[in-house]
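Worksheet: one structure, shown below.
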Amino acid sequence: MSEFTFNMPDVGEGVAEAEIVEWQVKVGDTVEEDQHIVDVMTDKATIDIESPVTGTVVEVAGEAGDIVAVGAMLLVVEVEGEVADEVEQEAEEPAPEPESEPDVEPDHAKKDTIRPEPAEGRDESADARASESETAQGATGSARTDTEAKVLATPAVRKRARDLGVDLGEVKPAADGRVRHADLDAFLSYNAGGGFAPAGKAREDEEIKVIGLRKRIAQNMAASKRSIPHFSYVEECDVTELERMRADLNANRGNKPKLTMLPLLISAFCKLIPDYPMINARYDDEANVVTRHGAVHLGMAAQTDNGLMVPVIKDAQSKNIWQLAREIGRLAEAARDGSAKSDELSGSTLTVTSLGPLGGVATTPVINRPEVAIIGPNRIIERPMFVTGPDGVERIEKRKLMNISISCDHRVVDGYDAASFIQDVKKLIETPVLLLTE
């Protein structure tokens, strides 16, 4: 048995000393090579230090809060005799000197030497150890640069560097030329903005057969985009007063269902459909017949675990906002739990699609064929706006704004008609009291 002195490594350029933050081992503990032994803090970062050898701790440099200079004793470990001999033998071997820099390496850099850089005349055991390290690395199947191949490091350190996307050639090693976990930690600490963490993990490819509802959705959407010349129109609406009215109605709703924005918007659409019958229509492109429907059977696109479903609010124009709210809740639940009947999922004449808080700034929804229009309310956001007060003076107020998108079949609906319809919707919801009148 003999003792090995592990000196404080050079943990970064310009760092002369470090403060002990917390010991992970104590005198009498057995440590393994590359085991985390102490946390130290420099003026730039907190760094984990690992043991370079396996053995029993017989002495530590100090307690938490003590300052240890780079090159000073940090830890003394009692190691097996043969390991000690190996360390002492390699410590005596001089590191290769650069041709352009003949200066002698400082004495303290030799004290914690474990394995030197590869050099001419090294013994066969050193060659064997280097070969074993490279073989272990090669077994992972990962490609290495020439620079990485020359760096001395354990397979565990190499694997961790590969996982992090770090070229070991860029990491400053300890004085003995060997890169350990502590050196890698120091590199990552000083290059925190370098993007060395992996973006994600690769997954196995998987094939999913398109069947059932998903197949039907795919076929309908493909047929819609293939046969319908879509166009979209988007307008920004101030829904501050509408939201205020909705809050007041909910506060006094009694046993009525809670109002969301959707029943109020549907009420606005239904009020205007008689003036825009081309919006509430179906187009039979085989017979070249457009049917303008008198009743509004409103499809409501709903996302479920089984895919997109469109339950239908029949005769939406005949329902008030509370009845609409109750029917929306009932149909949405039926779609989610799979209890919706066939006639509740068919016969729509106009569709509304909303992603709620995920609605985005604007959408360009795909028409639910054979309908000729689909309307998409988007997310409500708050922004400062110029508002003219009752006194005629402009001032800045925080207002709630929402974009409303509409996609139409250009064979049936002209752009002017779609724009006029949405502008009238805008007037209604910006003066929401009109929604509650005949």
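Worth a mention:
- Within segment 274-314, the set of residues being open to solvent by 30 Å² or more (accessible area, probe 1.4 Å) and of a type in the set (S, T, N, Q) comprises Asn288, Thr291, Gln303, Asn306.
- Of all residues in segment 300-324, those satisfying the criterion of being touching a residue at least 60 places away in the same chain (Cβ under 8 Å) and touching a helix residue (DSSP H, G or I) at 6+ places or on another chain (Cβ under 9 Å) are Asn306, Gly307, Leu308, Met309, Ile321, Trp322, Leu324.
- Count of residues meeting criterion [in contact (Cβ under 8 Å) with a residue 12 or more places away in the chain and closer than 22 Å to Glu241 by Cα] in segment 384-419: 13
- When segment 245-273 is filtered for residues that are in contact with a strand residue (DSSP E or B) (Cβ under 7 Å, 6 or more places away or on another chain) and either open to solvent by 60 Å² or more (accessible area, probe 1.4 Å) or β-branched (Val, Ile, Thr) (or both), only Ile266 remains.
- Within segment 384-438, being in a strand (DSSP E or B), out of contact with any helix residue (DSSP H, G or I) (no Cβ under 7 Å at 6 or more places or on another chain) and open to solvent by 20 Å² or more (accessible area, probe 1.4 Å) holds for Pro384, Met385, Phe386, Val387, Thr388, Glu394, Arg395, Ile396, Glu397, Lys398, Asn403.
- Scanning segment 56-73 for residues that are in contact (Cβ under 8 Å) with a residue 40 or more places away in the chain, closer than 16 Å to Asp29 by Cβ and in a strand (DSSP E or B) gives a single hit, Val58.
- Checking each residue in segment 236-272 for being in contact with a Pro (Cβ under 7 Å, 6 or more places away or on another chain) and charged (D, E, K, R) picks out only Glu241.
- Each residue in segment 350-383 was checked for being outside any loop (DSSP other than H, G, I, E, B), open to solvent by less than 30 Å² (accessible area, probe 1.4 Å) and either β-branched (Val, Ile, Thr) or out of contact with any Phe, Trp or Tyr (no Cβ under 9 Å at 6 or more places or on another chain) (or both), and 7 of them qualify.
- Per-region count, segment 408-426, residues under 39 Å from the mean Cα position of the chain (by Cα) and closer than 21 Å to Asn320 by Cβ: 1
- Test result for Gly338, more than 38 Å from the chain's Cα centre (by Cα) and under 18 Å from Ile217 (Cβ atoms): no
- Only one of Lys44, Lys26 that is basic (Lys, Arg), in a loop (DSSP other than H, G, I, E, B), open to solvent by 60 Å² or more (accessible area, probe 1.4 Å) and modelled with pLDDT of 90 or more: Lys26
The values are calculated or read from the model by the stated rules, or taken from the named source; none is laboratory data. Note that the structure is predicted; figures quoted are calculated from it, not measured. Virtual Cβ from ideal backbone geometry, glycine too; neighbours counted across all protein chains shown. For accessibility, only protein heavy atoms count, side chains too; no ligands or nucleic acids. Shrake-Rupley method; radii C 1.70, N 1.55, O 1.52, S 1.80 Å.
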